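Engineer: For reference, the structure I am asking about is given below.
The values are calculated or read from the model by the stated rules, or taken from the named source; none is laboratory data. This structure is a prediction, so every number in the text was calculated from the model and none was measured. Here Cβ is always computed from backbone atoms with ideal geometry, including for glycine, and neighbour counts include all displayed protein chains. Calculation scope for accessible area: heavy atoms of the full protein, side chains included, ligands and nucleic acids excluded. Shrake-Rupley method; radii C 1.70, N 1.55, O 1.52, S 1.80 Å.
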Amino acid sequence: MNRTPSNDAGSRVSDAIDRLAAALAARVAIDLRALAAFRIGLGALLLADLALRSRSLTAFYTDYGVLPTRAFASDYSNHSLHALVGEPWAVALLFAVAGAFALALLVGYRTRLVTLVSWLLLLSLHARNPMVLNAGDNLLLMLLFWSLFLPLGARWSVDAVRRADPPVGAEADTDSATGSDADSTTGSDAGAAAPGASGPAVANVATMAILAQLLVMYLTNAVHKHRSDLWMSGDAVAYVMQADQFTYLLGNHLAELHGLLRVLTLLWVAFLFASPLLILSTGLPRAVVASLFIGMHLGMSVTIRVGIFPIVVAVGFVLFFQTPVWDAVERLVTRLGWSTPLARRRDRFEARARNLRSLGASPPRPAVSERIDRLRSADLTAGLSRGRALFSTVLPSLFLVLILLSSAQSVGYAEVPDPGEDVLDVTEMDQSWQMFAPDPTHTTRWIVVSGSLEDGTERDVFRDEAVSFDRPPRVETTYPSARWRKYLKNVYAADNENHRSYLANYICADWNRTHETGVETVTIHQLYERTNPYNGTVEAENEFELIEYDCSGEFVQDG
């Protein structure tokens, strides 16, 4: 039968669509081993984040800190489980619960469920004190959100062992009832699958969204930096290195290497604008690009104090290493003779996972008639299928559109509809990636808290030392942590005047709890100095008073 021109045209269009779909799937595919490594990294990050936050648990999250629950209720409309309690022991208990779920995520036990709970607990923790949040916190929360739609437990997990060796007669019931990753490589959860050495790679809306999350972060930040003369001239990093509250370790030794800092500035800008290669490339070329980005962020982690941000990014980049890379890693492990000890460790892990399986086994169910069982199974299967399609496709598609619009809005190219803004606000998915942009921080700032003690003497009651308004030799040491630096920067902002009273009240109470000689009044001073990195001259310096606070007076004072 002769083919008509219309048939030929239709065939060509169909072939083109198939090629386009295959090309897209190849670029958004994530190997299941990458998802497993990413899950382990997420769990470890959550544990590390909780441990780091716990150093200032009382100061930042309790009624004895800088934002007691009465102040939180007055200033914020956020909903937070952590704001329902104010005692340190109760907040510590919430931290412990979050740690338990993070550990379950790390080992891949009931992965979907523990991911959801971990996301909700982190969302609550962020809402409890927004004054201490930075870009790393926001990115971690977003990666955890996208993980809800991904089969993180398909490899290297307790769930994977449970699927491989289910109790007799319990497989179907357990998989459907727990919402675990038991179906993560089939059906709607999997999307397109490309065979790999240890199983398929997953390509669907969720994989596209989580990869796009990192990409829009870089592209948005690139647009902001492009609008800055300091970044485009190559001077930005040299100026950042003059802000001593950020620099530490290697950063303290690089400030005078102006030529190197100029190269690093221009190189980083080039990296930002080249970030689409993370999606456009595949396989080993993509791995090379991702490795370069990881290297830059690890370099950042040993030069400037920006919290967990560099490590969060490095964990996120694990997802960009595709099947050829993981196959090559497995061949290398075999060649180095590490396969046998790794297999022994895997066997021990699987034995323990089976013990967990037996502990969590469902009790036997009463028998039902065959007809009722058939009807119930059919209805349940249809309902689960519809729910799974909504969960794995519609929701991530909606949020993918929202983050793209939010990113465009942050640089002035689009607007998010009001209902979308509400959704982004509730889930903390707003895309505003202005890290060191458009103009980088290049002013050294520190605080002095002069306290008048009951015996008539003066003392810096924040650092417990003699009052001095001279610039400290190492300003970064005046901040207990990167979170304290972020918090104190936000206290300085004009729209956070109440927080100056909250901070002063905390300093009064904390000093009086820990010292025999009490403090009667505290005065918080903000000092700054801006230095030209090339000739060392001071371009600007000043000292001003944030608040003078009577420790026995009203909770909120005008100062």
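Engineer: Is it fair to say I507 is modelled with pLDDT of 90 or more, in contact with a strand residue (DSSP E or B) (Cβ under 9 Å, 6 or more places away or on another chain) and part of a strand (DSSP E or B)? Spell out the reasoning first.
Structural biologist: Details: modelled with pLDDT of 90 or more: yes; in contact with a strand residue (DSSP E or B) (Cβ under 9 Å, 6 or more places away or on another chain): yes; part of a strand (DSSP E or B): no.
No.
Engineer: Something else about it: Report whether or not L395 is within 21 Å of the chain's Cα centre (by Cα) and farther than 30 Å from D229 by Cβ.
Structural biologist: Numbers: within 21 Å of the chain's Cα centre (by Cα): yes; farther than 30 Å from D229 by Cβ: yes.
For L395, the condition - within 21 Å of the chain's Cα centre (by Cα) and farther than 30 Å from D229 by Cβ - is met.
Engineer: Please go through segment 518-551 and give me each residue that is surrounded by 14 or more Cβ atoms within 10 Å (Cβ to Cβ) and not in a strand (DSSP E or B), ordered by number.
Structural biologist: If the condition is that a residue be surrounded by 14 or more Cβ atoms within 10 Å (Cβ to Cβ) and not in a strand (DSSP E or B), then G518, P533, C551 are the ones that fit.
Engineer: Taking the condition part of a helix (DSSP H, G or I), open to solvent by less than 30 Å² (accessible area, probe 1.4 Å) and of a type in the set (A, V, I, L, M, F, W, C), does A314 pass?
Structural biologist: Against the criterion (part of a helix (DSSP H, G or I), open to solvent by less than 30 Å² (accessible area, probe 1.4 Å) and of a type in the set (A, V, I, L, M, F, W, C)), A314 qualifies.
Engineer: Could I ask something else about it? Could you give me the residue pairs with C-beta distances under 6 Å whose first residue belongs to segment 10-38 and is without any contact (Cβ under 8 Å) to a residue 24 or more places away in the chain, whose second residue is surrounded by 12 or more Cβ atoms within 10 Å (Cβ to Cβ) and outside any helix (DSSP H, G or I) wherever it lies, and which are 6+ apart or on separate chains?
Structural biologist: none
Engineer: Let me ask another. Please go through segment 127-141 and pick out each residue that is open to solvent by 10 Å² or more (accessible area, probe 1.4 Å) and outside any helix (DSSP H, G or I).
Structural biologist: Listed by number, the residues that qualify are L133, N134.
Engineer: Enumerate the helices (runs of 4 or more DSSP H) found wholly within segment 364-448, keeping only those where 2 or more residues are modelled with pLDDT of 70 or more and either of a type in the set (S, T, Y) or in contact with an Asp or Glu (Cβ under 7 Å, 6 or more places away or on another chain) (or both). Give the steps one after another, and end with the answer.
Structural biologist: On the way: elements: 370-389, 395-410, 418-427.
Result: 395-410, 418-427.
Engineer: Scan segment 317-342 for residues that are buried (at least 16 other Cβ atoms within 10 Å of the Cβ) and of a type in the set (A, V, I, L, M) and report the count.
Structural biologist: Final tally of qualifying residues: 3.
Engineer: Let me ask something additional. T477 versus (1) at pLDDT 90 or above; (2) of a type outside the set (D, E, K, R); (3) surrounded by fewer than 17 Cβ atoms within 10 Å (Cβ to Cβ): which is the lone unmet condition?
Structural biologist: Failing condition for T477: (1).
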